[in-house]
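Enquirer: Have a look at this one.
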Number of protein chains: 4
Amino acid sequence: MAEAKRAQSSDKRQRILEGALKAFARKGFYNTKVSEIASEAGVADGTIYLYFKNKDDLLISLFEDRMEWVIERLRSELAEVEGDIFKKIHRIIELHFRLATDQADLAEFITVELRQSAKFVKEYKNQRFVDYLVIIEELVAEGQKEGVIRDDVDSRLVSRAMFGALDEVLLQLTLSKAAGMDVERMTAQVADLFVEGLKSR
Amino acid sequence: MAEAKRAQSSDKRQRILEGALKAFARKGFYNTKVSEIASEAGVADGTIYLYFKNKDDLLISLFEDRMEWVIERLRSELAEVEGDIFKKIHRIIELHFRLATDQADLAEFITVELRQSAKFVKEYKNQRFVDYLVIIEELVAEGQKEGVIRDDVDSRLVSRAMFGALDEVLLQLTLSKAAGMDVERMTAQVADLFVEGLKSR
Amino acid sequence: MAEAKRAQSSDKRQRILEGALKAFARKGFYNTKVSEIASEAGVADGTIYLYFKNKDDLLISLFEDRMEWVIERLRSELAEVEGDIFKKIHRIIELHFRLATDQADLAEFITVELRQSAKFVKEYKNQRFVDYLVIIEELVAEGQKEGVIRDDVDSRLVSRAMFGALDEVLLQLTLSKAAGMDVERMTAQVADLFVEGLKSR
Amino acid sequence: MAEAKRAQSSDKRQRILEGALKAFARKGFYNTKVSEIASEAGVADGTIYLYFKNKDDLLISLFEDRMEWVIERLRSELAEVEGDIFKKIHRIIELHFRLATDQADLAEFITVELRQSAKFVKEYKNQRFVDYLVIIEELVAEGQKEGVIRDDVDSRLVSRAMFGALDEVLLQLTLSKAAGMDVERMTAQVADLFVEGLKSR
DNA sequence: AATGAATGAGCATTCATTCAT
DNA sequence: AATGAATGAATGCTCATTCAT
């Protein structure tokens, strides 16, 4: 019974997060009413406040939850990659772009809301996002140690630049839902761009 | 007299735009009250509505105005560059990053608000932003025609990726106001990353 | 419980309508603030919008509600009248004038706001008001069929004229709150005026 | 020159009054912006305040001006009437209804705004309107003295009732602009109604 | 006298949050 | 835990009026 309850609770919490994701993706944080999230989640308005402190907290929790999921997936996929650093970079890019098709709402949410949140939900240092960057950063650093990646670039800077590039392209992918983008080709091109840019010569 | 009046009007419009830029950069569009913009600009609340249809229009007009300025500056600086395509790409990056120190408010505004606006002010196709991308795109295309840039990447995709990278790094520069950043070094590194990535081999 | 809730809701709705009636009667639609209605009704400002779409809708709903009540009362009183058509006309007039003393606010509201509403809330065809007119009209038509009312007048025209006369006198009664008015005498005189005017000879 | 100026001034004042009449008739007092009146009159917004103290004063002045004109016309037409009191009553009614076709804006304005003004522009006792009523009242009193009108009705009450009847029918005429109302027939019927009602027997 | 840009008080409406049930 | 009716602070926008030119 205790588990049942927890399961139920957790189920409700998840439904609220999903509702919020859908709504935020569609209309953005500021244009989404709490009541819309509630109705999307199939719960009463007040119920949301049993699981989240307020609307801001809901946004933050959503980041935590989804970024955690993304990072976990990234880590596990990277672990599977056999081959050199550049293969891994390729995989990161592929995974990033795949979001646009696999998880359109999530892609839209991250690309659009990430910046707002970083800036306006002051007390919140988006740690998950930092984690994501660190994965790239460490990969680059590793490549540098191995000598396959040039030494004259700052790995943090590179991770930022790469994330920015990926995110912007993802945004484009997401917004222009219509066009039959060839995700594979895009992945190949962007990966190649960075790989060539990063190679030691 | 007519000119004086027009000058004064235009002056008031400019002051409102500046007030809006400052306020939006500081608190974001949704957290900025019209009355704050007014007081920042030193005009009455109602005066804003003599120059702009509503708060949304003010945001859009601000984009138009500032992006136009940025593009103009980019064009004129690019025209001055002597040397090959890669020198020009270097200059674009330099100019982009210089925003963080020269025009902190503008940098903050563009990096944070650009995405929101692209998405929620649906009827507004941010033409100026597209213009900016096109400049990069054309540069890449030109390089491809000349044979110095690899042929196997889509110039539009590259322009997106590059803009994303620049913007994300700029955001970082802007948020971590810690002066410590060596803009020149960053410019050099990012430029080199892309140049190497783009070179024909 | 469901009934209790509905009763309470309906109670709140009624209180808002009463508050609106009082306020509109006192200061007119345009000079009444929504917050005044709320405070008169003992609810929060926002609560009004749970029951009415907006201020206009509140006005219209108030008409619907009160005119319905007036008409119901008129119908039931007419049903009680024993005697000829003229007795019934007498009763209509009496009832109309009695509003001034029995329901001063309602009288003031109807006499003053009816015209405004008819004209400016264009999409609203004040059906209740038409219903009221029709009652008079049918009475006249009935009298004509019976041969006791002259045939050479249009019953719709007469109903309009009679309503106008009653309403104007009621307005006077209402505005000059000086109690001195002898409602019975007025009723007698106006009734006699119309009865004599309408009689077949 | 002085006359020219005065003429010009007076011309501007008239144009403002005409603009106000048109605008008020179309949209009512509260929904008409001062700037709309100004543009209708072909003057600047501020100019209106050279001729009228404020928007209320403009409304009052418009009443004064137009009612004065109506009364003057009524008096002169009544003076022309040859025949008994009842002929004169007939003429009053005819004149009243003729407004609907001759001066649609004025008719609309009077029927709709009269009541508002009576109630909400507190300091203003609409003397012109009272004058109008008095004309009817005196006519009735005269008829009573002559013995042709029944003695048992209060002439003030009758004047109110008659005005109300006329005004309501006029309102109907005005609002339903479409229907090819037969004004003459209506005049005849309403006049006959009151004449028969008022006759001594 | 005339203008119309500027003002700023005023107000309808929204919506995150609470709390009695 | 869950509900959803109720709250009331918050704010974008309007428009009568002013006043420098």
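The values are calculated or read from the model by the stated rules, or taken from the named source; none is laboratory data. Note that the coordinates shown come from a computational prediction; the quantities given were computed from them, not determined experimentally. All Cβ positions, glycine included, derive from the backbone under ideal geometry; neighbour counts span all protein chains shown. In case anyone asks, the SASA skips ligands and DNA or RNA and just uses the protein heavy atoms, side chains included. Shrake-Rupley method; radii C 1.70, N 1.55, O 1.52, S 1.80 Å.
Enquirer: Could you work out the relative contact order of chain A? I mean the mean sequence separation of Cα pairs under 8 Å and 6+ apart, divided by the number of residues, in percent.
Expert: Over chain A, the number comes to 22 percent.
Enquirer: Using helices alone, what [θ] at 222 nm do you get for chain D, with -39,500 (n - 2.57) per DSSP H run of 4 or more residues, divided over all residues and rounded to the nearest 500?
Expert: My calculation for chain D gives -26500 deg cm²/dmol from helical runs alone.
Enquirer: Using a probe radius of 1.4 Å on protein heavy atoms only, what is the accessible area buried between chains B and A, both sides summed, to the nearest 100 Å²?
Expert: Looking at B and A, the buried total is near 3800 Å².
Enquirer: Each residue of the stretch A:157-165 in order: what ³J(HN,Hα) in whole Hz does its phi give by Karplus 6.51 cos²θ - 1.76 cosθ + 1.60, θ = phi - 60°, with x for Gly and Pro?
Expert: 4, 4, 5, 4, 4, 5, 4, x, 4
Enquirer: What spacing in nm lies between the two simple spin-label points modelled at residue D:104 and residue A:124, each 7 Å away from Cα in the Cβ direction?
Expert: So the label points at residue D:104 and residue A:124 sit 6.0 nm apart.
Enquirer: Put a point 7 Å out from Cα along the line to Cβ at residue A:71; what are the distances to that point in the other copies, in nm, shortest first?
Expert: The answer, with the shortest distance listed first, is 4.0, 6.7, 8.6 nm.
Enquirer: Okay, moving on. Pull up all non-local amide H partners of residue C:149: gap of 5 or more, or a different chain, and H-to-H distance under 5 Å with H placed in the peptide plane.
Expert: Close amide H contacts, sequence-distant or interchain: C:144, C:200.
Enquirer: Follow-up. Treating only the Cβ of Lys, Arg, Asp and Glu as charged (+1, +1, -1, -1), what charge dipole size does the protein assembly as shown show about its Cα centre? Round to the nearest 20 debye.
Expert: Its charge dipole is roughly 860 debye.
Enquirer: What nm distances, shortest first, do you get from the label point of residue A:82 to those in the other copies when the point sits 7 angstrom along Cα to Cβ?
Expert: List, nearest first: 5.6, 10.9, 12.5 nm.
Enquirer: Do any GluC sites (Glu not before Pro) in the stretch B:43-119 lie in a DSSP loop with no more than 14 other beta carbon atoms within 10 Å, and if so, which?
Expert: Here the sparse-neighbourhood loop sites are B:82.
Enquirer: Between D:169, D:153, D:140, where does the largest GNM mean-square fluctuation fall for chain D, given springs only between Cα atoms within less than 10 Å?
Expert: Result for chain D, Cα springs under 10 Å: D:153 fluctuates most.
Enquirer: Just add up the charged neighbours of residue A:32: K/R +1, D/E -1, any other residue whose Cβ is under 10 Å from the Cβ of residue A:32.
Expert: Numbers: positive: A:22, A:26, A:27, A:33, A:55; negative: A:36, A:40.
Taking every other residue near residue A:32 into account, the sum is +3.
Enquirer: Using only Cα atoms, what is the ratio of the radius of gyration of the protein assembly as shown to 2.2 N^0.38 Å? Can you show the working numbers first?
Expert: On the way: Rg = 39.0 Å, N = 804, 2.2 N^0.38 = 28.0 Å.
Relative to the 2.2 N^0.38 Å estimate, the protein assembly as shown comes out at 1.40.
Enquirer: Work out the FRET efficiency for residue B:47 and residue A:175 from their Cβ-Cβ distance, taking R0 = 30 Å, and round it to the nearest 0.05.
Expert: Calculated value: 0.30.
Enquirer: Are there chymotrypsin sites (Phe, Trp or Tyr not before Pro) in the stretch D:77-151 that DSSP marks as loop and that have at most 16 other Cβ atoms within 10 Å, and which are they?
Expert: Sites meeting the loop and neighbour criteria: D:124.
Enquirer: Looking at this model, which pairs from A:145/B:199; D:27/D:55; C:145/C:199; A:53/A:125; A:22/B:27; C:33/D:22 are more than 20 angstrom apart at the alpha-carbon? Could you put the intermediate results ahead of the total?
Expert: Details: A:145/B:199 25 Å; D:27/D:55 15 Å; C:145/C:199 13 Å; A:53/A:125 17 Å; A:22/B:27 25 Å; C:33/D:22 28 Å.
The pairs that break the limit, which is 20 Å between Cα atoms, are A:145/B:199; A:22/B:27; C:33/D:22.
Enquirer: Between residue D:201 and residue B:138, what is the label-point separation in nm under the 7 Å Cα-to-beta-carbon projection?
Expert: Taking the two extended label points, one gets 9.7 nm.
Enquirer: What percentage of all Cα-Cα pairs in the stretch D:130-183 are separated by more than 17 Å?
Expert: Counting pairs separated by more than 17 Å, the tail of P(r) holds 47 percent.
Enquirer: Gaussian network model of chain A, Cα springs within a sub-10 Å range: biggest mean-square fluctuation belongs to which of A:170, A:74, A:17?
Expert: For chain A, modelled as a Gaussian network with Cα springs under 10 Å, the answer is A:74.
Enquirer: Starting at the first residue of the stretch D:52-64, write each ³J(HN,Hα) from the Karplus equation 6.51 cos²θ - 1.76 cosθ + 1.60 with θ = phi - 60°, in whole Hz, x for Gly and Pro.
Expert: Each residue of the stretch D:52-64 in turn: 9, 5, 6, 5, 4, 4, 5, 4, 4, 4, 5, 4, 3 Hz.
Enquirer: Counting Lys and Arg as +1 and Asp and Glu as -1, each charge on the Cβ, what is the dipole of the stretch A:55-198 about the Cα centre in debye, to the nearest 20?
Expert: So the magnitude is around 360 debye.
Enquirer: I've got another one for you. Shortest first, in nm, what separates the label point of residue D:176 from those of the same position in the other copies (7 Å along Cα→Cβ)?
Expert: Label-point separations across copies, in nm and ascending: 3.3, 6.1, 7.9.
Enquirer: Can I ask one more? Using a Gaussian network model of chain D with C-alpha springs under 10 Å, which one of D:188, D:79, D:100 is most mobile by mean-square fluctuation?
Expert: Among D:188, D:79, D:100, the largest GNM mean-square fluctuation belongs to D:79.
Enquirer: Right, another one. Since chains D and A are linked by a rotation, which residue in D has the beta carbon closest to its axis, and how far is it in Å?
Expert: So the closest residue, with its distance, comes out as D:31, 15.
Enquirer: Cα convex hull of chain A: mean projected area in nm², to one decimal?
Expert: Mean orientational projected area (chain A, Cα hull): 13.2 nm².
Enquirer: Another question, if that's okay. Can you work out ³J(HN,Hα) from phi for every residue in the stretch D:187-192, in order, using Karplus 6.51 cos²θ - 1.76 cosθ + 1.60 and θ = phi - 60°, giving whole Hz and x for Gly and Pro?
Expert: 4, 4, 5, 5, 4, 4
Enquirer: Farthest toward the dipole's positive end in the stretch B:35-138, which of B:59, B:44, B:81, given Cβ charges of +1 (Lys, Arg) and -1 (Asp, Glu) about the Cα centre?
Expert: Looking along the dipole axis, the top candidate is B:59.
Enquirer: While we're here: I need the calculated FRET efficiency for the pair residue C:35 and residue A:39, taking r as the beta carbon distance and R₀ as 25 Å, to the nearest 0.05.
Expert: 0.30
Enquirer: Just flag the trypsin sites (Lys or Arg not before Pro) in the stretch D:73-147 sitting in loop per DSSP whose Cβ has no more than 11 other Cβ atoms within 10 Å.
Expert: D:122, D:125
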